[in-house]
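*Asks:* What follows is a single structure, and I will ask about it in a moment.
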């Protein structure tokens, strides 16, 4: 759900929308479809603190980057694997 900036108010602390203080986007957000501009600043239309979303890796709301799949072996259910091999599957 995107934030509606039509009722946003610019304060000394930043931009406030429905009582929530919105922080400007970070450099990693450039290219995302969720960016909205308000009075010369760029803000995330989904999350008020974009820097927090990038702290542990890729933002899960980003539309321009996707999280890399986890490296390493994936767990395989042995029962399903045996049925698959008996059936002639992969």
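The values are calculated or read from the model by the stated rules, or taken from the named source; none is laboratory data. For clarity, every value in this text was computed on a predicted model and none was experimentally measured. With ideal geometry, Cβ positions are generated from the backbone for all residues, glycine too; neighbour counts draw on all protein chains shown.
*Asks:* Report yes if some residue within segment 65-75 is surrounded by 10 or more Cβ atoms within 10 Å (Cβ to Cβ) and at pLDDT 85 or above; otherwise report no.
*Replies:* There is no residue in segment 65-75 that is surrounded by 10 or more Cβ atoms within 10 Å (Cβ to Cβ) and at pLDDT 85 or above.
*Asks:* Moving to a separate point now. Working carefully through the options 85, 62, find the one that is surrounded by 10 or more Cβ atoms within 10 Å (Cβ to Cβ) and not in a helix (DSSP H, G or I). Reasoning before the result, please.
*Replies:* Values: 85 fails: not in a helix (DSSP H, G or I).
Going through 85, 62 in turn, just one is surrounded by 10 or more Cβ atoms within 10 Å (Cβ to Cβ) and not in a helix (DSSP H, G or I): 62.
*Asks:* For residues that are within 17 Å of residue 65 (Cβ to Cβ), touching a residue at least 12 places away in the same chain (Cβ under 8 Å) and not in a loop (DSSP other than H, G, I, E, B), scanning just segment 1-54, find the one that is farthest from the chain's Cα centre (by Cα).
*Replies:* 42
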